[in-house]
Amino acid sequence: MGLRRLLLRYFPPGIILEYVESGESKTRPIDLLDLKPDTDVTALVEEIQKGEPLITAACVEHVILLVRRLQQKLVEKENHKFSLFKVLRTHLLPLTNVAFNKSGSRFITGSYDRTCKLWDTASGEELHTLEGHKNVVYAIAFNNPYGDKIATGSFDKTCKLWSTETGKCYHTFRGHSAEIVCLSFNLQSTLVATGSMDTTAKLWDIEKGEEVATLRGHSAEIIALSFNTIGDKIITGSFDHTVAVWDVGTGRRLHTLIGHRGEISSAQFNWDCSLIVTGSMDKTCMLWNAVTGTHLATLAGHRDVILDVCFDYTGQRIAAASADGSARVYDAQTQKCIAKLEGHGSEISKVCFNPKGNFILTASSDKTARLWDAATGHCLQILEGHTDEIFSCAFNYEGDTIITGSKDNSCFIWH
């Protein structure tokens, strides 16, 4: 087993080891989620070396250099004033979703006009229109980090897999008996999962174009699903008030997270796969142990339903967005509310952290998106210009570009 090279991963902080084993090229990450600007790097690398045989004495200096570069990234000051760069009148009918590829060089929009469009972020030019669905294209995703494939899930009960490069359709996945409303690739880009109003989720093999498993057990629609980073587990959130944790390899249900008293709106694993956060129409978020399925905490405080919930990249903070017009930030370890984001005039349907985790972006039906300081809850900027509610927003990987999607049928790019 020989080390070929070391790669930096800025968000979340880590080093990827590229090595050869039995003639095969492989990678494995060293996660540095707790890295701070004042961490003793030499001591940290000594500790890493004890548990990682690939890091020999010969490359210790190089590893120290890489960790210092990660530390520099943590203290870099950003100029966080975004300005409107382009307005794209993207579709004839309303948008359903927007998503970036990993680098942020391209993004996709889904629409009620039955198409998904691929765009060049820098020029605002339309690259491809992905046509073929017979109903609303509701769920869309790139197979990040690769970004060479796009999946679209439709009200026509099918999911299609497309080439980013050519816009050609590789596969049409058929089998659901009702609308597909959520989908996700695993990070390894071998599977795509679809969640449907038919109460099931399905796993599909990307290469073969075949169904691998059907996840049955919910008694109502599945409206959220998420793989963990390792790719061995997937969670499904349902209108039956529960979240199920499934083994990807066998399709077996491992745990049912019971406790919410309303429909699930959102569910996500943290980066190291130890925690799950869920948001519900019962006005609360809940935190769960991802390994045992036990309930750890209820994050209360909102006066109306929770519409979106997410972890930052390191899994140390949680943001929740509510129909009460506010968002809250919680510490995942102490489970305490550390900031309240107040100022929107009506419900917030989407919330996300920038990759570094120091800013939060919210999208609201008050026609604005807002940028917030994640530590203090202070509003840094209001992104104005849309003429109808904004239901989707996203940062690119560098955190220097934002897209917002609105019911006014337009997509704004902000730099």
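The values are calculated or read from the model by the stated rules, or taken from the named source; none is laboratory data. What you are looking at is a predicted structure, and each value in this text was computed from that prediction instead of being measured. Reconstructed Cβ throughout: ideal geometry from the backbone, glycine too, with neighbour counts over all protein chains shown. Ligands, DNA and RNA are excluded from the accessible area calculation, which covers all protein heavy atoms including side chains. Shrake-Rupley method; radii C 1.70, N 1.55, O 1.52, S 1.80 Å.
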For segment 2-75, using Cα atoms only, the Rg and Dmax in Å read 12.1, 40
For the pair A220 and E125, the simple spin-label estimate (label points 7 Å beyond Cα toward Cβ) gives in nm 4.8
Expressed in square angstrom to the nearest 10, the accessible area of K340 with a 1.4 Å probe stands at 100
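Note down the relative contact order for the chain as a percent, whole number, built from C-alpha pairs under 8 angstrom at least six residues apart. Each step should come with its number before you reach the end.
Details: 1196 pairs, mean separation 42.1, N = 415.
Worked out over the chain, it gives 10 percent.
Where in segment 326-388 are there GluC sites (Glu not before Pro) that are in a DSSP coil and have at most 13 other Cβ atoms within 10 angstrom of their Cβ?
E384
Taking 2.2 N^0.38 Å as the expected size of a compact globular protein, what ratio does the Cα radius of gyration of the chain give against it, to two decimals? Working shown, then result.
Details: Rg = 20.9 Å, N = 415, 2.2 N^0.38 = 21.7 Å.
For the chain, the normalised Cα radius of gyration is 0.96.
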In whole angstrom, largest first, the equivalent ellipsoid semi-axes that the Cα gyration tensor gives for segment 157-246 are 22, 15, 10
Here the residues of segment 217-238 lying in the modelled label zone of Y170, meaning backbone nitrogen under 14 Å from a point 7 Å along Cα-to-Cβ, are none
The answer for the net charge of residues other than R261 whose Cβ lies under 13 angstrom from its Cβ, with Lys and Arg +1 and Asp and Glu -1, is -2
Residues whose modelled amide H sits under 5 Å from the amide H of L341, counting only those 5 or more places away in sequence or on another chain, are A327, R328, V329
Note to self, the chain gives a 222 nm [θ] from helices alone (DSSP H runs n ≥ 4, -39500 (n - 2.57) apiece, / all residues, nearest 500) of -2000 deg cm²/dmol
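By the scheme Lys and Arg +1, Asp and Glu -1, what is the net charge of all other residues having a beta-carbon under 15 Å from that of M197?
Numbers: positive: K157, K202, R216; negative: D156, E179, D198, E221, D240, E263.
Combined, the nearby Lys, Arg, Asp and Glu give -3.
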Mean-square fluctuation maximum in Gaussian network of the chain, Cα pairs under 10 Å, restricted to G385, G167, G293, hits G385
Computed over the chain, protein heavy atoms only, probe 1.4 angstrom, the accessible area per residue in square angstrom equals 42
Expressed in angstrom and rounded, the centroid-to-centroid distance over alpha carbons for segment 361-381 and segment 104-135 is 26
Residue span D272 to V75: 0.36 nm per residue of separation minus Cα-Cα distance leaves a gain in nm of 68.6 nm
Largest-first semi-axes in Å of the equivalent ellipsoid built from the Cα gyration tensor of segment 304-377 are 19, 12, 10
Of all trypsin sites (Lys or Arg not before Pro) in segment 158-215, the ones in DSSP coil with at most 13 other Cβ atoms within 10 Å are K168, R174, K208
